[in-house]
Amino acid sequence: MTQAHINRIATAVPPYDVHQAFVQFGRSLLVNDNRRSALFDRMVERAEIDHRYSYLSPTAETEHGGTSAVEFYTRRNFPSTAARMKLFEEQAPMLAEIAFRRLDLGAERNRLTHILISCCTGFSAPGLDLEIMSRCDLPGSMERSIIGFMGCYAAINTLKLARHIVRSEPHARVLVLNLELCSLHLKETANLDEILSFLIFGDGCAASIVSADPVGLALDSFRAVLVPDTRDLITWNIGDFGFDMVLSGQVPGAILEALRVGAGEILEGTPVGSIDLWAVHPGGRSILDAVERAFDLRNQALSASRNILRRFGNMSSATVMFVLQTMLRAAAGTRGCAMSFGPGLIAETMLFHGTG
């Protein structure tokens with residue numbers, strides 16, 4: 001059977017670092033509540049995030065293009081979903097083009113046969129696939145698929161589909177794009193859980209090539225772990241004023257227990273100590289802590305994931321690809337496990353190995 005590999009990964013984020021501005025906005029929503037303000041400040045400190053990026057400028061200035069967040073998010077007059085989707089249509093293809101061009105394919109772009117896109121933060125038609133193909137001068141004959149509204153674990157599902165394509169069509173060269181603009185869904189709310197959920201999300205895009213070329217990371221197997229009775233812990237619904245997220249504080253505990261029970265199944269009997277690389281979606285510091293405890297991992301095992309969280313926050317489906325990028329040139333024979341978590345509650349997992 002043909003072995004599929006991730007040959008290249010390139011990543012991109014928008015120009016504006018908005019983390020401190022978003023923190024200040026969240027704090028301002030609690031200005032008359034000392035108890036909840038103190039809890040908010042404690043959670044900011046514990047989040048271990050220093051930077052998050054957006055096309056929304058945190059000031060009235062937009063020297064790099066984009067839109068002023070000060071004007072877009074006007075107190076007591078937050079934008080409608082339609083206004084947010086209009087910005088998505090403008091900004092998402094720009095970010096995807098930057099990530100794609102960083103793959104530096106040159107004439108090899110003409111050999112691409114498929115394009116797969118994961119996204120849960122925006123919709124339009126004609127969609128991202130055709131817009132990106134036009135911007136990046138890609139072959140009009142490419143087969144196109146969009147994996148939509150699956151949340152943070154969509155990148156693993158996209159790689160799974162790319163692997164199926166390559167195994168059935170060994171000549172295929174699949175362009176995978178994981179693209180999210182989470183900052184378009186900020187809420188003006190007094191609900192502390194909603195405020196805290198947007199302490200972690202940022203924007204980003206990852207572009208990768210999956211083919212049968214034996215270079216990069218070989219995709220060995222995939223497994224999904226559905227956690228029973230957890231449907232309401234993560235939800236993502238379309239509302240009148242952006243997409244409405246519920247991210248329960250029970251998520252880390254549910255993940256911890258599910259991974260403890262399913263560890264042998266996920267690793268297919270491989271001892272934990274034989275896994276050299278852990279590419280875990282950094283959905284938040286507590287998520288990484290839960291994975292670390294579930295597998296009883298050594299110190300620094302999740303350092304790549306923690307570093308991406310600190311530098312970029314949680315970029316939904318794009319985030320685990322940022323982590324995998326740091327592992328792309330792993331020494332031949334190294335073994336790895338990747339995993340992401342999202343609505344369901346489901347853990348999507350992947351075993352891989354480095355080919356140098």
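Key figures for this structure:
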item	result
Per residue solvent-accessible surface (Å²) - segment 193-234, probe of 1.4 Å	37 Å²
If the convex hull is drawn through the Cα atoms of segment 162-300, its volume per residue in Å³	160 Å³
Virtual spin-label span in nm between Gln24 and Ala190, 7 Å along Cα→Cβ	2.4 nm
Cα centroid separation, segment 102-121 to segment 133-211 (Å)	12 Å
Cubic angstrom per residue, convex hull over Cα atoms of segment 143-229	137 Å³
Pairs of alpha carbons in the chain whose separation is greater than 38 Å (percent)	14 percent
Global form of segment 86-184, assessed from the alpha-carbon gyration tensor, a/c cut-off 1.5	oblate
Trypsin sites (Lys or Arg not before Pro) within segment 11-81, DSSP loop, no more than 12 other Cβ atoms inside 10 Å	Arg75, Arg76
Extension reserve of the Ala60-Ser145 stretch, reckoned as 0.36 nm per residue once the Cα distance is removed	26.9 nm
Carbon/sulfur fraction of accessible area - the chain, other protein chains in place, 1.4 Å, %	49 percent
Rg in Å to one decimal, and Dmax rounded to a whole Å, for segment 1-127 via C-alpha atoms	19.1, 63
Restricting segment 237-312 to trypsin sites (Lys or Arg not before Pro) in coil, as DSSP defines it, with at most 15 other Cβ within 10 Å	Arg298
Square roots of 5 times each gyration tensor eigenvalue, C-alpha, segment 197-263, largest first, Å	29, 22, 11
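The values are calculated or read from the model by the stated rules, or taken from the named source; none is laboratory data. None of these values were measured; they are calculated from a predicted model. When we count neighbours, we look across all protein chains shown, and the Cβ atoms used for this are built from the backbone with ideal geometry, even at glycine. The accessibility values were calculated without ligands, DNA or RNA, using every heavy atom of the protein model including side chains. Shrake-Rupley method; radii C 1.70, N 1.55, O 1.52, S 1.80 Å.
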